[in-house]
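The values are calculated or read from the model by the stated rules, or taken from the named source; none is laboratory data. The structure presented is a predicted model; accordingly, all values stated were derived computationally and were not measured. Counting neighbours? That spans all protein chains shown, and the Cβs are built from the backbone with ideal geometry, glycine included.
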């Protein structure tokens, strides 16, 4: 059975979106006052797409003994038995693609797997997500954050 976990969308993502809209209005004001709306519409479209893919597109699901993570760069699968530990209440400043500006408002879980690999995830219902992982592998070490 496949259980899907949505991404945790915080108030900060909406603040980020509103700040970007304000920047677009400021940058496009001269063109809009002259009746040139195409550039502003293009900037706004790019903003909406980047906002969607940064905050809303990502999904996590557990199917069998694998954790799947869908992001803009594709779908990644991790064997749950390879997960060593989880650190909760972490802040992921770099994100999956190293985009610091696009996702600074996320609080989530640092997932350590294999020998040295780690991954920042931010599921909406993190307690339920951790419980599901522990049902499959009870020996996962959980470190509570600050």
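Taken over the range 9-50, residues that are under 30 Å from residue 136 (Cα atoms) and in contact with a helix residue (DSSP H, G or I) (Cβ under 7 Å, 6 or more places away or on another chain) amount to 1.
Condition (residue is surrounded by 14 or more Cβ atoms within 10 Å (Cβ to Cβ), more than 28 Å from residue 107 (Cβ to Cβ) and without any contact (Cβ under 8 Å) to a residue 12 or more places away in the chain) applied to the range 18-31: is it met by at least one residue? Yes: one or more hits. With respect to (1) out of contact with any helix residue (DSSP H, G or I) (no Cβ under 8 Å at 6 or more places or on another chain); (2) closer than 20 Å to residue 15 by Cα, the lone exception for residue 55 is condition (1). Screening the range 120-135 for residues that are in a strand (DSSP E or B) and in contact (Cβ under 8 Å) with a residue 40 or more places away in the chain and picking the one that is farthest from the chain's Cα centre (by Cα) gives 123. Somewhere in the range 88-95, is a residue closer than 29 Å to residue 138 by Cα, surrounded by 14 or more Cβ atoms within 10 Å (Cβ to Cβ) and at pLDDT 85 or above? Yes, the conditions are met somewhere in the range 88-95. Kindly check whether there is at least one residue in the range 61-72 that is over 14 Å from residue 120 (Cβ atoms), loosely packed, with under 14 Cβ neighbours inside 10 Å and in contact with a strand residue (DSSP E or B) (Cβ under 7 Å, 6 or more places away or on another chain). Scanning the range 61-72 turns up at least one residue that is over 14 Å from residue 120 (Cβ atoms), loosely packed, with under 14 Cβ neighbours inside 10 Å and in contact with a strand residue (DSSP E or B) (Cβ under 7 Å, 6 or more places away or on another chain). Where strands (runs of 3 or more DSSP E) fall wholly inside the range 23-83, no range has 3 or more residues that are farther than 18 Å from residue 130 by Cβ, within 12 Å of the chain's Cα centre (by Cα) and at pLDDT 80 or above.
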